[in-house]
Amino acid sequence: MKVTAAQLALLLDGSLEGDPNAIVSRPARIEEAVDGDFAFLDNIRYEPYAYSTKASILLVHRSFQPTQPLKPTLIRVDDVRSSLALLLQKFDEANQANGTDVPEASFVHKSAVIGVGTRIGVYAVIEEGAVIGNNCTIYPQVFIGRNVRIGNNCRIYPGVRIHFDCVIGDNCTLHANAVIGADGFGFAPQGDKTWVKVPQVGNVVIENDVEVGACTCIDRAAIGSTLIRQGAKLDNLIHIAHNAEVGNNTALAAQVGVAGSTRIGDNCQIGGQVGFAGHLTIANGTRIQAQSGLGSSVEKPNTALFGSPAIGYKDFIRSHVVFKQLPDLQKKVLELEKKLKELSERSVKNEQKG
Amino acid sequence: MKVTAAQLALLLDGSLEGDPNAIVSRPARIEEAVDGDFAFLDNIRYEPYAYSTKASILLVHRSFQPTQPLKPTLIRVDDVRSSLALLLQKFDEANQANGTDVPEASFVHKSAVIGVGTRIGVYAVIEEGAVIGNNCTIYPQVFIGRNVRIGNNCRIYPGVRIHFDCVIGDNCTLHANAVIGADGFGFAPQGDKTWVKVPQVGNVVIENDVEVGACTCIDRAAIGSTLIRQGAKLDNLIHIAHNAEVGNNTALAAQVGVAGSTRIGDNCQIGGQVGFAGHLTIANGTRIQAQSGLGSSVEKPNTALFGSPAIGYKDFIRSHVVFKQLPDLQKKVLELEKKLKELSERSVKNEQKG
Amino acid sequence: MKVTAAQLALLLDGSLEGDPNAIVSRPARIEEAVDGDFAFLDNIRYEPYAYSTKASILLVHRSFQPTQPLKPTLIRVDDVRSSLALLLQKFDEANQANGTDVPEASFVHKSAVIGVGTRIGVYAVIEEGAVIGNNCTIYPQVFIGRNVRIGNNCRIYPGVRIHFDCVIGDNCTLHANAVIGADGFGFAPQGDKTWVKVPQVGNVVIENDVEVGACTCIDRAAIGSTLIRQGAKLDNLIHIAHNAEVGNNTALAAQVGVAGSTRIGDNCQIGGQVGFAGHLTIANGTRIQAQSGLGSSVEKPNTALFGSPAIGYKDFIRSHVVFKQLPDLQKKVLELEKKLKELSERSVKNEQKG
């Protein structure tokens, strides 16, 4: 997307100082911007950069009083941060609007239903009985299995695989190479130590407003559904096992692992690389520090946890402080032991003397 | 797959009570089932649900005596669990049997050999010299490189990449977006701190009856083979480095990482997010708790381990109990130190008095 | 690639002993080689294998004096290791040279620019405005988004996704199913505990000579660039968050996670499954043991770290030694407490007596 300073001023209801024909094509930080970028000055700490920036256009507050000459065309607005948010939104939409529209080079089963305004990328595969809502973007090379249902306004990025019978709500974003509905890891041990596969015939249900990161894998339930509730946000490379559940608005950072049948409550914040054992229940509002390991359920809402196995956040910090001093502590105990022995012996001697 | 109660009764050698024309299309838990589902009552704890379930068909024991009226058509069988397993198997087979069969929209090199009953999905690529056995399902968008050999009865899900010269046995399942045979991570450090790539010219050999999870990556050997032995089960997002080996029937939970040349024995059970350093040997039957880190070999078979770095399972539990009490322990030591000092001073004073 | 012993001797400037027409098609370890392999004897420890190996050709030092008869044709060279490296390089090139060249079955936007000698695999997608340099191999099923720029001599393996506006330098290798430039994980918390997505309108810049492992995900910056500097090597299943930076020649082992805006310096060596919190600065030459967790910046170059949260490597080792003895230490403290109490009581008694 390329826009002129005049267009930006109009869009933002701002006043323009400088060249109305200055053209910009992308946002940049004020300290990194080059010709053709637009930048912004919100925090006065960054004012020195206003005089050195190479940006073509600079968003500033209406009240901004430059103390030196500056290169960029200025657009003065009431609220720099809101104006910036609006602009980023516009650029993001423009990025998405540019699609590759070659329906003849995708495979859409004749029984599949594709909504109005939904675009299907090249080499995408949409199997029998799948139903996709309106205004979705199915990027190239996506796989959508039999009887999958997808709501409205979803973005399914290249290489995403959604297996048969899974359900995706409205306004969901699934990033590249995510896998929804692969078999859960279910095997029954046999007497001879081999494993027999337990058929995984459930599905995955993802509710509205969910974001799923790149290469994140959400396995289908053995029976029933693996469930990602409304507004949950999952980062990259996460593993969600069969029959697990992630609550409303819960955010999981990258590389988290959730074992089978574990239910994470609403509004939880889970740090990167955290692991959950199976069959746990994690209360609403739980906050877990990165790399922690949950081996048991959390019953009290809004608990903060840390460590592997996890304990209370503050308890962990206090124990870890001592952990770092353990060699000293051990030395001290040995010295105490020695001193006590000496004192004890002297005491015995004194008693004998006495 | 849709079946009637009469068909189910016949298949399971069960006796039917209710509507023989009741139709079901999927299994469900008794407490979650809706119209069109079949459910089962195996554990008597769940009996109350039998009277409220919305399932159309319910599998019960021959001896089941309802104490209230119930909605579903009943099918009485000798062994509910076995009947259920059989039914799930049938549904699973039906799920797989529905394929997208469009050979003209895949790329199969003219020198590739494709077995009898093997189906190739849309936009799959099968390169020169590849040999695929009988009754395999190669899903859409799979990549099979030059001279790859795949046995009989394999399922290769969408987006799996198998690089040149790799070998897959019979009855293997590779889940979506798994990568077999990417280059091992081999670089020789140079004097100027840059790295020179060490060519990775070996392959990956996966024996029979192996399952590989979604987005799991098994790197090719530098020279020789990275080896996954018969019956091993690998969950999602696992990393197996070059020249590593996973033993017969060994199960690795999700997000495990195995560094180069490490050999894990037979019948091991490895928890999620466990990491192995390189060049280790792990004895048969080793069990490792989730998130543990193995920095040295395990020589004694059937050992249970925990912690990072891992120690004996029980030892870890005992040490972790004290870890949680470390602030108290430290306080106690400081108090002891103080008391001992006081006692010692008093003792000196007494001696002087004496 | 198949070569005769005579060809190998010529290539390596070696002298030949045995059958000049012996044919080999792959390298193998001396102890594992079979007919048709070539092996090498560099370390004298392996000499016994020279007499039992089934290799067709064996590379040995010019000075090697066999003490028993041997089967393989010998090629005597000045430096076995260098000769082997050269041979592996030749085999690697031959592996790469075999490509699938079917331009008509890929999608290349008419505005995209493809360099001389660059091959595009089947079902690859190259969108509007993308520019790819010379002598690249774009494997099948790759996705290259709008305005992506790729340098010369790159290998982009099957299923890699490179999103719009990202930049890849010369001589880069991106392994299968890696994802470059998916949205960063940016959400603004709202009063009602829902999240609003922060548009991610920056990009990813990968400099020259970088290798990116299979299923590794490098997210695009919110604004500006996520940056992988020259010569960095990233293993499989790594997560690099938005606006993070990886320094020159820094090597990250598999499953490392780097949170947003963290800058890792040059020449660092990071073990597998290590996690970094956001907004850290890690000094040049830092070495971090596998599974460690970095919660704070590292200011001193060439520091070695271990633990989660990480502390000095040697400090961790010392503390962990005591951790393993914690139950004994606790027992000792309780005993000391008891003894001290006894002594103290006795002392009081003695004073009273006195």
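Counting only residues that are of a type in the set (Asp, Glu) and more than 25 Å from residue C:348 (Cβ to Cβ), which one in the stretch A:308-352 is most open to solvent (accessible area, probe 1.4 Å)?
Step one: list which residues in the stretch A:308-352 are of a type in the set (Asp, Glu), which gives A:315, A:328, A:335, A:337, A:342, A:345, A:351.
Pick out the ones that are also more than 25 Å from residue C:348 (Cβ to Cβ) and you get A:315, A:328.
On the way: A:315: 76, A:328: 104 Å².
Here the answer is A:328.
Taking the condition of being open to solvent by 10 Å² or more (accessible area, probe 1.4 Å) and outside any loop (DSSP other than H, G, I, E, B), how many residues in the stretch C:163-176 meet it?
The total comes to 2.
Residue B:295 fails exactly one of the following numbered conditions: (1) free of Cβ contacts under 8 Å to residues at least 24 places away in the same chain; (2) closer than 30 Å to residue A:218 by Cβ; (3) facing another protein chain (nearest Cβ under 9 Å). What is the number of that condition?
(2)
Conditions first: (1) surrounded by fewer than 24 Cβ atoms within 10 Å (Cβ to Cβ); (2) more than 9 Å from every other protein chain (Cβ to nearest Cβ); (3) touching an Asp or Glu at 6+ places or on another chain (Cβ under 9 Å); (4) in a loop (DSSP other than H, G, I, E, B). Residue B:243 passes all but one, so which condition is the exception?
Unmet for residue B:243, out of (1) surrounded by fewer than 24 Cβ atoms within 10 Å (Cβ to Cβ); (2) more than 9 Å from every other protein chain (Cβ to nearest Cβ); (3) touching an Asp or Glu at 6+ places or on another chain (Cβ under 9 Å); (4) in a loop (DSSP other than H, G, I, E, B): (1).
Of all residues in the stretch B:177-199 being more than 8 Å from chain C (Cβ to nearest Cβ) and outside any loop (DSSP other than H, G, I, E, B), which is farthest from residue C:233 (Cα to Cα)?
So the first thing to find is which residues in the stretch B:177-199 are more than 8 Å from chain C (Cβ to nearest Cβ), and the list is B:178, B:180-181, B:184, B:186, B:188-192, B:196.
Imposing the further condition that a residue be outside any loop (DSSP other than H, G, I, E, B) reduces the set to B:180, B:188-189, B:196.
Working: B:180: 20, B:188: 11, B:189: 11, B:196: 10 Å.
The extreme case among them is B:180.
On the given criteria, is residue C:330 of a type in the set (S, T, N, Q) and facing another protein chain (nearest Cβ under 7 Å)? Spell out the reasoning first.
Numbers: of a type in the set (S, T, N, Q): yes; facing another protein chain (nearest Cβ under 7 Å): yes.
In short, yes.
Can you find even one residue in the stretch C:20-30 that is touching a residue at least 60 places away in the same chain (Cβ under 8 Å), in the same structural domain as residue C:87 (by TED's automatic domain parsing) and outside any loop (DSSP other than H, G, I, E, B)? Steps first, answer last, please.
Initially, the stretch C:20-30 is screened for residues touching a residue at least 60 places away in the same chain (Cβ under 8 Å), giving C:26-27.
Of the ones still in play, those that are also in the same structural domain as residue C:87 (by TED's automatic domain parsing) are C:26-27.
From what's left, outside any loop (DSSP other than H, G, I, E, B): C:26-27.
The answer is yes, given that some residue of the stretch C:20-30 is touching a residue at least 60 places away in the same chain (Cβ under 8 Å), in the same structural domain as residue C:87 (by TED's automatic domain parsing) and outside any loop (DSSP other than H, G, I, E, B).
Could you say whether any residue in the stretch A:220-229 is in contact with a strand residue (DSSP E or B) (Cβ under 7 Å, 6 or more places away or on another chain), more than 10 Å from chain C (Cβ to nearest Cβ), open to solvent by 10 Å² or more (accessible area, probe 1.4 Å) and not in a loop (DSSP other than H, G, I, E, B)?
The initial filter retains those residues of the stretch A:220-229 that are in contact with a strand residue (DSSP E or B) (Cβ under 7 Å, 6 or more places away or on another chain), namely A:220-221, A:223, A:225-229.
Narrowing further to those that are more than 10 Å from chain C (Cβ to nearest Cβ): A:220-221, A:223, A:225-229.
Subset that is open to solvent by 10 Å² or more (accessible area, probe 1.4 Å): A:223, A:225, A:227, A:229.
Keeping just the survivors that are not in a loop (DSSP other than H, G, I, E, B) gives A:225, A:227.
Yes; the residues of the stretch A:220-229 include at least one that is in contact with a strand residue (DSSP E or B) (Cβ under 7 Å, 6 or more places away or on another chain), more than 10 Å from chain C (Cβ to nearest Cβ), open to solvent by 10 Å² or more (accessible area, probe 1.4 Å) and not in a loop (DSSP other than H, G, I, E, B).
Looking at the stretch C:184-200, which of its residues are over 16 Å from residue A:85 (Cβ atoms) and buried (at least 18 other Cβ atoms within 10 Å of the Cβ)? Before you say what the answer is, go through the steps one by one.
Residues of the stretch C:184-200 that are over 16 Å from residue A:85 (Cβ atoms), as a first pass: C:185, C:191-194.
Within the stretch C:184-200, just C:185 meets the criteria.
Sort out which residues of the stretch A:292-302 are surrounded by 18 or more Cβ atoms within 10 Å (Cβ to Cβ) and touching a Phe, Trp or Tyr at 6+ places or on another chain (Cβ under 9 Å), and write them in order of number. Step through it out loud before you land on a result.
Going through the stretch A:292-302, the residues surrounded by 18 or more Cβ atoms within 10 Å (Cβ to Cβ) turn out to be A:292-294, A:298.
Scanning the stretch A:292-302 gives A:292, A:293, A:294.
Please verify whether the stretch B:264-285 includes one or more residues that are in a strand (DSSP E or B), charged (D, E, K, R) and open to solvent by 10 Å² or more (accessible area, probe 1.4 Å).
Filtering the stretch B:264-285 for residues in a strand (DSSP E or B) gives B:264, B:269-270, B:275-276, B:281-282.
Next cut, charged (D, E, K, R) only: none.
No, the stretch B:264-285 contains no residue that is in a strand (DSSP E or B), charged (D, E, K, R) and open to solvent by 10 Å² or more (accessible area, probe 1.4 Å).
Quick check on residue B:11: is it among the aliphatic types (A, V, I, L, M), part of a strand (DSSP E or B) and over 19 Å from residue A:222 (Cβ atoms)?
no
Within the set of pairs 6+ apart or on separate chains, which have a first residue in the stretch B:298-317 that is over 16 Å from residue C:320 (Cβ atoms), a second that is among the β-branched types (Val, Ile, Thr), and C-beta atoms under 7 Å apart?
These pairs meet every condition: B:298/B:282; B:298/B:286; B:303/B:286.
Which condition number does residue C:289 fail, the rest of (1) within 9 Å of another protein chain (Cβ to nearest Cβ); (2) surrounded by fewer than 22 Cβ atoms within 10 Å (Cβ to Cβ) being met?
Answer for residue C:289: the failing condition is (2).
Please specify each residue of the stretch A:113-149 satisfying the condition of being of a type in the set (A, V, I, L, M, F, W, C) and assigned to a loop (DSSP other than H, G, I, E, B). If you could, list the steps in order and put the result at the bottom.
Start the filter on the stretch A:113-149 by keeping residues that are of a type in the set (A, V, I, L, M, F, W, C), which leaves A:113-114, A:116, A:120, A:122, A:124-126, A:130-132, A:136, A:138, A:142-144, A:148.
The answer is A:116, A:122, A:124, A:130, A:136, A:142, A:148.
Residue C:216 is checked against (1) within 10 Å of chain A (Cβ to nearest Cβ); (2) in contact (Cβ under 8 Å) with a residue 40 or more places away in the chain; (3) open to solvent by 10 Å² or more (accessible area, probe 1.4 Å) and fails just one. What number does that condition carry?
Only one criterion in (1) within 10 Å of chain A (Cβ to nearest Cβ); (2) in contact (Cβ under 8 Å) with a residue 40 or more places away in the chain; (3) open to solvent by 10 Å² or more (accessible area, probe 1.4 Å) is unmet by residue C:216, namely (3).
Quick check on this structure: which one of A:146, A:119 is among the basic types (Lys, Arg) and either facing chain B (nearest Cβ under 9 Å) or open to solvent by less than 20 Å² (accessible area, probe 1.4 Å) (or both)?
Working: A:119 fails: either facing chain B (nearest Cβ under 9 Å) or open to solvent by less than 20 Å² (accessible area, probe 1.4 Å) (or both).
The match here is A:146.
Which one of A:40, A:107, A:64 is modelled with pLDDT of 85 or more and under 30 Å from residue A:129 (Cβ atoms)? Explain how you work it out, then say what you get.
On the way: A:40 fails: under 30 Å from residue A:129 (Cβ atoms); A:64 fails: under 30 Å from residue A:129 (Cβ atoms).
None of the others qualify; the one that does is A:107.
Does the stretch A:77-98 contain at least one residue that is of a type in the set (Lys, Arg), open to solvent by 10 Å² or more (accessible area, probe 1.4 Å) and not in a loop (DSSP other than H, G, I, E, B)?
Of all residues in the stretch A:77-98, those of a type in the set (Lys, Arg) come to A:81, A:90.
Then drop every residue that is not open to solvent by 10 Å² or more (accessible area, probe 1.4 Å), which leaves A:81, A:90.
Filter again for not in a loop (DSSP other than H, G, I, E, B), leaving A:81, A:90.
The answer is yes, given that some residue of the stretch A:77-98 is of a type in the set (Lys, Arg), open to solvent by 10 Å² or more (accessible area, probe 1.4 Å) and not in a loop (DSSP other than H, G, I, E, B).
Identify, from the list A:206, A:150, A:138, the residue that is of a type in the set (A, V, I, L, M, F, W, C) and in the same structural domain as residue A:277 (by TED's automatic domain parsing). Steps first, please.
On the way: A:150 fails: in the same structural domain as residue A:277 (by TED's automatic domain parsing); A:138 fails: in the same structural domain as residue A:277 (by TED's automatic domain parsing).
Every option except A:206 fails the conditions.
Which condition from (1) over 30 Å from residue B:169 (Cα atoms); (2) modelled with pLDDT under 90 is the one that residue B:87 breaks?
(1)
If we scan the stretch B:326-333, do we find a residue that is over 13 Å from residue C:337 (Cα atoms) and of a type in the set (Val, Ile, Thr)?
no
The values are calculated or read from the model by the stated rules, or taken from the named source; none is laboratory data. If you're wondering where the values come from, they're calculated on a predicted model, not measured in any experiment. Quick reminder, even Gly has a Cβ in these numbers, built from the backbone with ideal geometry, and neighbours come from all protein chains shown. Side chains are part of the model used for accessible areas, which takes the heavy atoms of the whole protein and leaves out ligands, DNA and RNA. Shrake-Rupley method; radii C 1.70, N 1.55, O 1.52, S 1.80 Å.
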